[in-house]
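These notes concern the structure reproduced below.
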């Protein structure tokens, strides 16, 4: 498996790139969370609908107080995905009218680790976004 560590996106980069793409699609970005900030990573509105997205990265930000390695391994990827899913399901229970999604970098290791279960999100009415560095979703 080819790994280009410099090409791996952080969560903040995923939030920024996806937010820019959503704006191009007519969504108004209401809120973004960067770094260790608590809250929804992206909250957007369009045509009276609210979109809530939990974003995950392939590596930690360089300034992260918990950074221990250059990139996330498969166990961390699964753990991050599980936490995002629990948060979305909890929010979905409270606000079922919102649209929900989880975003990941379009990364080989992430796809190898969780790519086969990502399609199951649709059955839960959760969108999934594969985010690329070149702003293509």
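The values are calculated or read from the model by the stated rules, or taken from the named source; none is laboratory data. Note that this is a predicted model, so its numbers are computed, not measured. Reconstructed Cβ throughout: ideal geometry from the backbone, glycine too, with neighbour counts over all protein chains shown.
For the range 22-35, enumerate the residues that are surrounded by fewer than 15 Cβ atoms within 10 Å (Cβ to Cβ) and assigned to a helix (DSSP H, G or I). Full working, then the answer.
Filtering the range 22-35 down to residues surrounded by fewer than 15 Cβ atoms within 10 Å (Cβ to Cβ) leaves 23-26, 28, 30-31, 34-35.
Residues satisfying the conditions are 23, 24.
How many of the residues in the range 25-50 are at pLDDT 95 or above and under 23 Å from residue 107 (Cα atoms)? Walk me through how you get there before you give the answer.
Of the range 25-50, the ones at pLDDT 95 or above are 25-30, 42-50.
Subsequent filtering for residues that are under 23 Å from residue 107 (Cα atoms) retains 42.
Number of matching residues: 1.
From the list 75, 61, which residue is at pLDDT below 90, assigned to a helix (DSSP H, G or I) and over 12 Å from the mean Cα position of the chain (by Cα)? First the steps, then the outcome.
On the way: 61 fails: assigned to a helix (DSSP H, G or I).
Answer to the check: 75.
Could you check, for the range 104-120, whether at least one of its residues is modelled with pLDDT under 90, farther than 21 Å from residue 25 by Cα and surrounded by 17 or more Cβ atoms within 10 Å (Cβ to Cβ)? Can you show your working first?
Here is the first cut: in the range 104-120, the residues modelled with pLDDT under 90 are none.
No: the range 104-120 contains no residue that is modelled with pLDDT under 90, farther than 21 Å from residue 25 by Cα and surrounded by 17 or more Cβ atoms within 10 Å (Cβ to Cβ).
How many residues are within 17 Å of residue 79 (Cα to Cα), in contact (Cβ under 8 Å) with a residue 40 or more places away in the chain, in a loop (DSSP other than H, G, I, E, B) and over 15 Å from the mean Cα position of the chain (by Cα) if we restrict to the range 95-137?
0
Pick out the one residue from 134, 70 that is modelled with pLDDT under 95, at negative phi, in contact with a strand residue (DSSP E or B) (Cβ under 7 Å, 6 or more places away or on another chain) and surrounded by fewer than 16 Cβ atoms within 10 Å (Cβ to Cβ). Reasoning before the result, please.
Values: 134 fails: in contact with a strand residue (DSSP E or B) (Cβ under 7 Å, 6 or more places away or on another chain).
None of the others qualify; the one that does is 70.
Filter the range 41-58 for residues that are assigned to a loop (DSSP other than H, G, I, E, B) and without any contact (Cβ under 8 Å) to a residue 24 or more places away in the chain and give the result. Give the steps one after another, and end with the answer.
Keep residues of the range 41-58 that are assigned to a loop (DSSP other than H, G, I, E, B), which gives 41, 47-48, 56-58.
If the condition is that a residue be assigned to a loop (DSSP other than H, G, I, E, B) and without any contact (Cβ under 8 Å) to a residue 24 or more places away in the chain, then 47, 48 are the ones that fit.
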